[in-house]
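Student: Attaching a single structure in structure tokens format; questions to follow.
Bear in mind that the values in this text are calculations on the coordinates, not laboratory data. Just so you know, these numbers come straight off a predicted model, no measurement behind them. Cβ placement follows ideal geometry from the backbone for every residue including glycine, while neighbour counts extend to all protein chains displayed.
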Amino acid sequence: MMSPTQWDLPPELCCRPMAFVALTGLDVTYNAIHRAIWDAFCANRRADRVPISFKVLPGDHEYPKCRTKRTSYEWYIPKGILKTGWMNKHLNLVPALLVLFYELDWDDAVWKEKQSECATKVEIVRTSLQGRNTKVAVVLIQKKTPLPPGEDLVASERAASLCNACDLSGKSLFVLPHTDHLVGYIIRLENAFYEHAQTYYYTEIRRVKSHKEFLNKTTHQLLFVRHQFKIAFFSELKQDTQNSLKYYRTAYSLVHELRTHETNMLEIKTMAGFINYKICRLCFQHNTPLDAIAQFRKHIDLCKKKIGSAELAFEHTAWMSKQFQSFGDLFDEAIKLGLTAIQTQNPGFYYQQAAYYAQERKQQATHLCAHEASVSYPTPDHLETPSGALDFYGQRAWRQGHQSIDPPHMEKEKGGILALQMKEKDVPHSELIIALLSNAVAQFKKYKCPRMKSHLMVQMGEEYNHAKDYTKALKLLDYVMCDYRTERWWSLLTSILSTALRCSYLMAHVKDYITYSMELVGRASTLREEQKSRIEKNLIKVLMNEVPEAEPDCDQASAKAAQALWSDRMSLAGSNEFTIEVQDYVPFVQCKAKFLSPSFHVDDPVQLHVYLRADCPHPVRFSKLCVSLSNQEYNQLCVVEEPCKSQDILEASSQENMCLVPGKTRIYSFKFVAKTEDVGKKIEITAVDLMLGSDNGRCVFLNWRGGGGDAASSHEALLAARSFKSRGRVPEQHVEWDTVSIQASTMIISRIPKISVQLSHEPPALNNEMYRITVSIQSNEETVTKDVKLTAGLKPGQDANLTQSTHVTLNGLEMCDESHPALLPDIAIGDLQPGEKVEKYLYVRCVTTGARIFLFHVAYALSTKVEGKDITCKCHKDEIVTIETVVPFEVAVKFVSTKFEHLDRVYVDIPFLLMTDILSASPWPLRLVTSQLQLAPTMAAMDQPQSQVEQVVLQTGECASECFSLQCPPVLNGMSSVASGQYLISWKRKSWSADAPVVTTVATLPHVMVETIPLYVHAELPSFGRVRESMPVRYHIQNRTGLVQDVEMSVEPSDAFMFSGLKQVRLRILPGAEQEMLYNFYPLMAGYQNLPQLNIGLLRFPAVSGQLLRRFLPSRIFVKPQGRQADDASIAAA
Amino acid sequence: MAVCIAVIAKENYPLYIRSVPVQNELKFHYTVHTSLDVVEEKISAVGKAMADQRELYLGLLYPTEDYKVYPHMIRILYYTCLHVFYQIENILLYRHTRYGYVTNSKVKFVIVVDSSNTSLRDNEIRSVSQLLNLYGSLKGFQGI
């Protein structure tokens, strides 16, 4: 009987051949020891154990009979290449070695009897294996551990006698002590068995080889192949894979040398396939995958044209498919064992080819097996054989063993072919194809071939379509469609869509049908115009709730069933509204929506254009277009609607507003007034919906998310942008579709204010002054501006310290302080009539210097009419100004002696001078209102100090100075640093009015060192002298200590004077007393002359030198020349 | 000689694709499309080194592809182009596509060659003039 899997390779071919060793004399069911021995042989065999397949057989088991050996091949004509049972026979039936297990100890009491029983058993198995070269071995199961060899004399003697009795060589007798180390003994045993088996297979190979000399090339061609195959197979059993591969290769070339004709083609291919499988398998095993691939290619090249009987062509493709599949399996298995595959060479390709041949097989089967219904399966069944199986691989059941060119019996031949064709009809082809494709898909996914994977999935989808499993077909096709769409392979997309359309038609899936149709009639479709036209007409029928015409290439029965389904759909009410999100497709209507501007003022109407264009062959009528916006309140304003009758759909007039003419761009404009609460917000187009069909038929909403566009439009826009660089401009009135860009959002911004805000001021601001900024607000509106409000002051968002050091007020009459804010919000100004102007003064006091930004924000409300609608707009205008703050003047202070000499320290009770300089740094003239000295208690004025700079005006760079005579009261511990006090300057800008507040700037006077001196001296002398005229000079020496002071005084001689008085004297001055010394100086020369130097020394205070004291005394005097009296006055004036 | 020739854009969509004979166009389109898997892989593997080369022959693709309708094998060859191929690009693009924009990188040529044609060796197809000849042979068939 032919099985549906007749093309599958037999399992005995695909397994790894292992030496077959039969074990007898073991009772594994009832004898625990035997069971343990058997388990040690076969349980948990690891890879490092020798490759043997063990079987326990009864002692009297019958082995396949050995046919009498042929002595001559002279008259022998072979009936086929390889018998179907041969491989199995040598794998599982004929052992290489037969092992007899027998329980016998060397010191057994009844040794003689046992020995002869054993010999009998050996004899029995020998008889049953008569004619075979199978070796026989005996294993004695013993209870005692044997002594080392040579020590047990009884043992060696009895062993020799047993060998003799059983006709065994010493190498074939083994002892298995049944002790603790069973597994170890077993491993040693099986290694010995393995050697015996190797010898057996070696002799078998020799035996087969020896036949060769008897063969001749004319009649025994088949035997050449058979023998090589057998040698190779025995080599494999011997685990000699290198030689095995060599013999298989020879066998392979021999099989192709056979004369081929239609009757033996299948046999030759079958054997070629077997041998090829073995070769490839061994190559992968030897880790030479390239050899395997090369062999497989050669095999395919040699065999693909060996089709055989044309009536059974499907057999060839089935066989080819199997070849690829099994190679794919081998490849995949090798990968699992560690082989690395690459993108261009992986099992996927072989599965793909297998699938391809399976598809071919299916086609041929449909073609060749399309019998009339009256043809029935032939009786008798020519595929039946007496044994139920074939004798030789690849032969026909009805002419087994027949090797001549022509079939022996034409009737039988016809019947057999018919039977095969009838059987082929029942093969689930699609299932096979899909399984192979899905194998390939898995491989290509693994080896980074996404496109190949998609392609195979398309094929799977198509196969499901053939198998009438449309749901699965659509699932697969839908899955890959978007890949082709994004890669822009329109020809391929079109083909997939066409299949999908057919599936959806046959299932009467309305929504899918519409979706696929709308893409197939669109611009991405590469269908011819007439096909598009047909699909569009069907689409219109569906919209009118009618049954569309069948898709081409649908078989009649399916089309009929589909018609019935569509009719059912028609009668179903309520489910006739469909929304299709077209964003991710390339639909036949293109849509782009744009706001005409990225922003609109609230008093301007928002304008929106929707561009529509149809790419289908016939005009399309739609009944509604609506735009959805982020604020849904506007949606009702963006709708075009015109319900159409069925008639209109059918014959769309191109004149109509609601009709899209192919290739022409239609523009729909919408205008609406934005709500005032949307000012500052974004309005977005969330969707555009186009309704096709009518409420009473079916209606379909094409829905674009956002502002339109589809899967292809962004790329088209890019191309258009590129090409327009080289192309010229297009005429204005003609809308070039590609140049329309989507603008899906717009901002609503406030109305442009018609109000002027002007600032006038005199920068820079002076530190601490009340800086005045005049804000003039003038309305240029045509109606009354209501509720005008001014927000003025420091612009928020600057350095936080500025907020602390800036104060603003509207009251300019008094200084502001920390309690005043930096920003005055919402100063109410009231309503302004058109043209009316108001002015506001803002006073700013900046406590620190530096730049500041000031904001003047004028807000107001206004009623206006937009598109006949009254709205109240809020408008505002901002003015911003940066103002620098500088110091008005610099104040410098210094201490000098009464001689205007610089002092680094002052002396108690001795007068000195404080000099102040005010240097104007202001670009504007300053008026110094007054100044005031606030002395510290440690400082006293010599008189009532009065401001000497009152009402002085300083220009830029000018300086005003004052001088005050001061003196310090005594201090503790002789010397310390004391505070001087403060200097207050009151000022304002010259330009300011009298009632403007005066700014008082405080300058802190520096500390000064005060020192007490023990002795003070001062001189009393005229303001000038005259040559040769005596001049009295009086020196007063005061003792400032509480002690009596001894003072040494001397006057040094001088060239310019003669003098009278005590030249050198020693005095004693009482505490607090004053000593007066009188001298008469007689000048000798005119001009400035140095006075004779007075030296004073204190005996108690040597540190107080004459030098220090000399500071209090004048050092020189002007001496007038002696002469005419008349000149006196002029000199005195000088 | 050549049975199908395709010019593929940087983004992997066909700029131009023609095959002989026409009735099996779709299969060739699939062939060219699936070959892009390997092209992509090769380009990314070669990486930047490619940019310096003048000639960018990437080699033979799927040499064992066995063709269904035709009992012969088909070889697929591909190039990526640089300025060397301007000439051909110009012929192809300006005549047959709507947009005349030409990129000078990552545009690919995929050529499917009848593999029964043994006169055409791999190293011959490397040269530009050979490519032009191939194009010429196709042109003859198509009357382009």
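Student: So which GluC sites (Glu not before Pro) in the stretch A:946-1009 pass both tests, a DSSP loop state and at most 14 other Cβ atoms within 10 Å of the Cβ?
Tutor: Sparse-neighbourhood loop GluC sites (Glu not before Pro): A:GLU950, A:GLU958.
Student: Could I ask something else about it? Across chain A, where is the longest run that never hits chymotrypsin sites (Phe, Trp or Tyr not before Pro) in a DSSP loop with at most 13 other C-beta atoms within 10 Å?
Tutor: Free of exposed loop sites, the longest segment is A:77-899.
Student: Then there's this: Roughly what would the spin-label model give for A:HIS286 and A:LYS79, points 7 Å off Cα along C-beta, in nm?
Tutor: Distance between label points: 3.6 nm.
Student: Separate question: Rg to Rh ratio, the stretch A:300-447, alpha-carbon atoms and Kirkwood radius?
Tutor: On the way: Rg = 18.2 Å, Rh = 17.3 Å.
Rounded to two decimals, Rg/Rh equals 1.06.
Student: Would you please classify the overall shape of the stretch A:889-1011 from the alpha carbon gyration tensor, given that a ≥ b ≥ c denote the square roots of the eigenvalues, rounded means a/c under 1.5, and beyond that prolate means a/b larger than b/c while oblate covers the rest?
Tutor: prolate
Student: Find, to one decimal place in angstroms, the Kirkwood hydrodynamic radius of the stretch A:92-225, where the mean of 1/r is taken over every pair of different Cα atoms and then inverted.
Tutor: 17.0 Å
Student: By how many degrees, 0 to 90 and rounded to 10, does the Cα axis of helix A:429-446 deviate from the longest principal axis of chain A?
Tutor: 40 degrees
Student: Relative to the first principal axis of the alpha-carbon coordinates of chain A, what is the inclination of helix A:529-543, with its axis defined by its Cα atoms, in degrees from 0 to 90 and to the nearest 10?
Tutor: The helix A:529-543 is inclined about 80 degrees to chain A.
Student: Taking the square root of 5 times each eigenvalue of the Cα gyration tensor, what semi-axes in Å does the equivalent ellipsoid of chain A have, largest first?
Tutor: Taking √(5λ) for each eigenvalue gives 124, 60, 24 Å, largest first.
Student: How high is the FRET efficiency between A:MET422 and A:THR385 when r is their beta carbon distance and R₀ equals 25 Å, given to the nearest 0.05?
Tutor: Given R0 = 25 Å and the Cβ-Cβ separation, E is 0.90.
Student: Follow-up. Rounding to the nearest 10 and keeping the result within 0 to 90°, find how far the Cα-based axis of helix A:153-166 lies from the longest principal axis of chain A.
Tutor: Approximately 60 degrees, to the nearest ten.
Student: Oh, and also: What's the long-distance tail for the stretch A:832-953, i.e. % of Cα pairs beyond 25 Å?
Tutor: 59 percent
Student: Okay, next question. Give the order of A:LEU432, A:LEU456, A:LEU237, A:LEU302 when sorted by the count of other beta carbons within 10 angstrom, beginning with the fewest.
Tutor: Taking fewest neighbouring Cβ atoms as first place, the list is A:LEU302, A:LEU432, A:LEU237, A:LEU456.
Student: Sticking with this one: Tell me, in nm to one decimal, what length is gained between A:ARG206 and A:LEU565 on full extension, where the rule is 0.36 nm per residue of separation less the Cα-Cα distance?
Tutor: This chain segment gains 121.9 nm when fully extended.
Student: Identify the trypsin sites (Lys or Arg not before Pro) of the stretch A:1000-1099 meeting these criteria: DSSP loop state and at most 16 other C-beta atoms within 10 Å of the C-beta.
Tutor: Answer by residue number: A:ARG1028, A:LYS1063.
Student: What is the calculated FRET efficiency for A:THR676 to A:ALA921, with r their C-beta to C-beta distance and R₀ = 56 Å, to the nearest 0.05?
Tutor: 0.65
Student: Let me ask something else about it. Length gain on complete extension for the stretch A:ALA370 to A:LEU1084, per 0.36 nm per residue less the alpha carbon to alpha carbon distance?
Tutor: 240.8 nm is the gain from fully extending A:ALA370 to A:LEU1084.
Student: Using a 10 Å cut-off around each Cβ, can you sort B:VAL7, A:VAL929 from fewest to most neighbouring Cβ atoms?
Tutor: The fewest-first ordering by Cβ neighbours comes to A:VAL929, B:VAL7.
Student: Beyond a 22 Å Cα-Cα separation, which of these cross-linked pairs lie in this structure: A:LYS468/A:LYS537; A:LYS304/A:LYS445; A:LYS83/A:LYS269; A:LYS171/A:LYS209; A:LYS69/A:LYS278?
Tutor: A:LYS468/A:LYS537; A:LYS304/A:LYS445; A:LYS171/A:LYS209; A:LYS69/A:LYS278
Student: Can I ask one more? Give, as a single signed number, the net charge of other residues whose beta carbon lies under 11 Å from the beta carbon of A:ILE918, with Lys and Arg counted +1 and Asp and Glu -1.
Tutor: Values: positive: none; negative: A:GLU890, A:ASP917, A:GLU958, A:GLU962.
Combined, the nearby Lys, Arg, Asp and Glu give -4.
Student: Normalised by the number of residues in the stretch A:306-375, what is the relative contact order in percent for Cα pairs under 8 Å and 6+ residues apart?
Tutor: On the way: 51 pairs, mean separation 31.7, N = 70.
Computed value for the stretch A:306-375: 45 percent relative contact order.
Student: Return the FRET efficiency for the residue pair A:GLN758, A:ALA994: r is the Cβ-Cβ distance, R0 is 30 Å, and the value is rounded to the nearest 0.05.
Tutor: Values: r = 27 Å, r/R0 = 0.90.
It comes out at approximately 0.65.
Student: State, to one decimal in nm, how far the label point of A:GLU213 lies from the label point of A:ASP738, with both points 7 Å from Cα in the Cβ direction.
Tutor: Result: 8.6 nm between the two label points.
Student: Relative to a virtual label point 7 Å from the Cα of A:GLU1011 in the Cα→beta-carbon direction, which members of the stretch A:886-904 show backbone nitrogen distances below 11 Å?
Tutor: Residues A:904 fall inside that zone.
Student: Below 8 Å, C-alpha to C-alpha, sequence gap of six or more: please give me the relative contact order for chain A in percent.
Tutor: Answer for chain A is 5 percent.
Student: Quick one: order A:THR499, A:THR84 by neighbouring beta-carbon count within 10 Å, fewest to most.
Tutor: A:THR84, A:THR499
Student: Another one. Calculate one ³J(HN,Hα) per residue across the stretch A:273-287 by plugging θ = phi - 60° into the Karplus curve 6.51 cos²θ - 1.76 cosθ + 1.60, and present them in order as whole Hz with x for glycine and proline.
Tutor: x, 4, 5, 4, 4, 4, 4, 4, 4, 5, 4, 4, 5, 7, 6
Student: Now for a different question. Roughly speaking, what is the stretch gain from A:LEU1043 to A:ASP689, that is 0.36 nm per residue apart minus the C-alpha to C-alpha distance, in nm to one decimal? Don't skip to the answer; put the middle values down first.
Tutor: Values: separation 354, 0.36 × 354 = 127.44 nm, distance 11.65 nm.
Additional length available on full extension: 115.8 nm.
Student: Calculate the radius of gyration of the Cα atoms of the stretch A:70-126 to one decimal place, then report Dmax, the largest Cα-Cα distance, as a whole number, both in Å.
Tutor: When restricted to the Cα atoms of the stretch A:70-126, Rg and Dmax are 20.2, 59 Å.
Student: Another one. Would you work out the Kirkwood radius for the stretch A:51-170? I mean one over the mean of 1/r across all pairs of different Cα atoms, in Å.
Tutor: Roughly 17.1 Å, rounded to one decimal.
Student: Here is a further query. Suppose each label sits 7 Å from its Cα in the direction of the beta carbon; what would the A:THR1004-A:GLU546 distance come out to in nanometres?
Tutor: 10.3 nm
Student: Continuing with this model, one more query. How would you classify the stretch A:17-258 from its alpha-carbon gyration tensor, with a ≥ b ≥ c the square roots of the eigenvalues: rounded for a/c under 1.5, else prolate if a/b is greater than b/c, otherwise oblate? Show your work: numbers first, answer last.
Tutor: Working: a/c = 2.57, a/b = 2.01, b/c = 1.28.
Since a/c reaches 1.5 and a/b is larger than b/c, the shape of the stretch A:17-258 is classed as prolate.
Student: What trypsin sites (Lys or Arg not before Pro) does the stretch A:210-319 have in DSSP loop regions with at most 12 other beta carbons within 10 Å?
Tutor: Hits after loop and neighbour filter: A:LYS217, A:ARG259, A:LYS305.
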